[in-house]
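In what follows, a single structure is set out as structure tokens and then discussed.
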Amino acid sequence: MRLFSKAIFATALLQAALALAAGQAVPGSGSPSASPQTPSLNEDRDPVRSPDDTGSAAGALTKSGESYTLRADVEEVVLNATVLQGDRLVQDLKKDDFTVYEDGVKQTLLSFQHTDLPVSMGLIIDNSGSMYRKRPSVNKSALDLVLASNPKDEAFVVNFSDEAFIDQDLTSDVSKLRDGLSHIDSRGGTALYDAVVASADKLAAEARRPKQVLVVITDGEDNASTLSLEQTIRRVQQLSGPVIYTIGLLFGDEMSHSEVRNARRALDLLSSETGGMSFFPKSIEEVDQIAAEVARDIRSQYTIGYRSTKSPGIAGFRTVQVVAEAKGMGKLTVRTRTGYYPVVRETRQSSKAGN
């Protein structure tokens, strides 16, 4: 099943061009980012609005027939955080060991969990021509990652070249995931950014688990997407979207130094901005070990929730910093997403209520 087509993205690109002047820079990117509306996988679903779009203010009531629509900000910001002391995962911290800052202002924690929460996961695998000989090892590692994860996880498989296809929809059945990974065409270009955005949209629309992850495996620089790196990161942030783990198979002589540098920067940013990790093995034999590390990282995260002190009517990107300090421990490093865009939820209530 085709995840998206380039023709559908044409409208999104036009909207992106018109919005570019008003766009905000993605942290760390150094360049402006537009707010394209990407196609939903369910054509009956309303397009997701950009936080920069004008519209009803937060908390405003608008009437439609016999019911009202109340627009209000999401109450809780949820962060998945990995804590490290050097290279060692730290797994025995308490709620009081964490401090969260939003735009430099300390926040009050509402919730705290450190359990192996099941996740909804997308396996996004490069299916371009250069991946042909690497795919058997990559497929084995991807399946090993699933097997090492929570048995209640659900996953889907996207194979992409210059287009992306869902070769297995969300399932917990490992045999179905194996079949989805076996669809190897190995032709065409590398539309990595388009595949990531479409997969993030799929998770937002269909995932049954609140914790969401994308694992991206590629061996080259994006050369076929209709969206840019900055637009891709912005879209994921707008969705309060998945943590992205990237594995760049950038060894060999197929790429120039500049292509390797650009590919590495892109994969680093996709991961660091969303709270994930990027890996650059020196050989295909290292991928299985990396897959095990990704599974361990996902299962070891803390889940922290807070309600923003910032006015709900203020749009724009909000930076987040999480600090962990514990008695008797040295310096702790916390890895989580760098921030988010506030989104709005809608609840309907009858106009007759309160009459």
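Miscellaneous remarks
- Average projection area in nm² (convex hull over Cα atoms of the range 119-299, one quarter of hull surface): 8.7 nm²
- Here ILE125, ILE166 are placed in order of increasing Cβ neighbour count within 10 Å, fewest first, which gives ILE166, ILE125.
- Pair GLN321, THR99: separation of 7 Å Cα→Cβ label points (nm): 1.0 nm
- Over 30 Å (Cα to Cα) - which of LYS106/LYS331; LYS106/LYS282; LYS106/LYS327; LYS152/LYS310; LYS211/LYS310 fall in this group: LYS106/LYS282; LYS152/LYS310
- Reach of LYS176 by Cα under 12 Å, taken over aspartates and glutamates that are not fewer than 8 positions away in the same chain: GLU154, ASP167
- Each Lys and Arg contributes +1 and each Asp and Glu -1, all at the Cβ; summed about the Cα centre of the range 172-214, the dipole is approximately 200 debye.
- Between ASP87 and LYS152, the modelled labels are 3.3 nm apart [label points 7 Å from Cα along Cα→Cβ].
- Counting only DSSP beta bridges with both residues in the range 119-299, the antiparallel share comes to about 20 percent.
- For ARG209, ARG296, order by how many other beta-carbon atoms lie within 10 Å, fewest first: ARG296, ARG209
- Segment GLN289-LEU109, extension gain: residue separation times 0.36 nm, minus the distance between their alpha carbons: 61.3 nm
- Note on MET329 and SER137: the extension gain reaches 65.2 nm, defined as 0.36 nm multiplied by sequence separation minus the Cα-Cα distance.
A short reminder: the numbers here are calculations on the coordinates, not readings from a lab. Just so we're clear, the structure is a prediction, and the values are computed from it rather than from any experiment. Neighbour counts run over all protein chains shown; Cβ positions are idealised from the backbone, glycine included.
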